[in-house]
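Peer 1: Below: one structure in structure tokens.
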Amino acid sequence: MIEFWSLAIAAAAVLVGVGCLAGWRYRITGAESGRTISGTVAPPLLGIYLVAAALGAVIGWENNSTARGTIADEAAVATELYWTAGALPEPDRSAVRAGLREYLSTAVERDWPAMRTAGDLSETATADLNRLHARVAAVSARDTATAASRSAAVRQAGELVRLRVDRDNAAGRSIPVVLMAATAVAGLAVAVLPFAAGARDSRATAFWAGVNLLFVAATVLLPPLLDNPFAGPFGVTSEALQEALDQFALVDGGGPARG
């Protein structure tokens, strides 16, 4: 985030400097200044702003939707594995189910804070998943039914590993810093252009220039809010995994498990 604001401020300073230099060099003043800004300067800047803002919002929202689907798939596969483990003989059944509960609990408690702040996953949850995978692989196929259940459990545990990798790839920054900087700089220019073109000449034009300023400010803030799919007001939560844990507790005959 610091890099983004540094780049945005630097670009804005360059833009202001170039504008001041052009104004001094060509002596654009009065009504001519307003016509030049509205007819020559505003259209390309508005185009750049709209394209950059739209691209940032689309990239961020797509990554958010992908992350939400990954979490839903992760919860579904974990539930399938829990039921599959129920067909295994003891002590494999209890070992696999306990390992799965341990992994999901750690993912809820430690992965989400790590993804929100550092854009990374918890090493503890990774170790729990590795132990779960090893427990599933260690199940001995004593008969045909057990062999079939073991095969399904191995496939489902492998799918959990793949989904965890997908979640790791989705965490962190997703929108290019250059794109967010372009949105901020172009948005700043679009917001101040009406005032530079003479919006202060009447109350009506000043009012609509203020509305334009608020609208641009809101849209400039949208890409940073969507940058990390697991952070911010639109962040994907661990609710699906917690609901799976609650379901496991009900299957085992206990109350809902709350992390």
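Peer 1: Rank these residues by their accessible area, most exposed first, probe 1.4 Å: 105, 151.
Peer 2: 151, 105
Peer 1: Could you pull out the trypsin sites (Lys or Arg not before Pro) across the stretch 120-165 that fall in loop regions by DSSP (anything but H, G, I, E, B) with no more than 14 other Cβ atoms inside 10 Å?
Peer 2: Numbers: sites: 131, 135, 142, 150, 155, 162, 164; in loops: 142.
In loop regions of the stretch 120-165 (DSSP not H, G, I, E or B), the sparsely surrounded trypsin sites (Lys or Arg not before Pro) are 142.
Peer 1: Taking the full set of protein chains and a 1.4 angstrom probe, give the accessible area of residue 61 in square angstrom, rounded to the nearest 10.
Peer 2: Ignoring ligands and nucleic acids, residue 61 comes out at about 130 Å².
Peer 1: On the full set of protein chains, 1.4 Å probe, figure out the accessible area of residue 161 and give it in Å² to the nearest 10.
Peer 2: The accessible area comes out at roughly 50 Å².
Peer 1: A further question on this structure: Using only the Cα atoms of the stretch 72-162, what do you get for the radius of gyration and for Dmax, in Å?
Peer 2: Looking at the stretch 72-162, its Cα Rg and Dmax stand at 13.6, 48 Å.
Peer 1: Right, here's the next one. What list of ³J(HN,Hα) couplings, whole Hz, do you get for the stretch 78-91 from phi and the Karplus terms 6.51, -1.76, 1.60, once you set θ to phi - 60° and write x for glycine and proline?
Peer 2: 4, 5, 4, 5, 5, 5, 4, 4, x, 8, 7, x, 6, x
Peer 1: What Kirkwood hydrodynamic radius do you get for the stretch 85-126 when you take the inverse of the mean 1/r over all pairs of distinct Cα atoms, in Å?
Peer 2: It works out to 11.2 Å.
The values are calculated or read from the model by the stated rules, or taken from the named source; none is laboratory data. Fair warning: this is a prediction, and the values are worked out from it, not measured in the lab. With ideal geometry, Cβ positions are generated from the backbone for all residues, glycine too; neighbour counts draw on all protein chains shown. Protein only, heavy atoms only, side chains kept; ligands, DNA and RNA dropped before computing areas. Shrake-Rupley method; radii C 1.70, N 1.55, O 1.52, S 1.80 Å.
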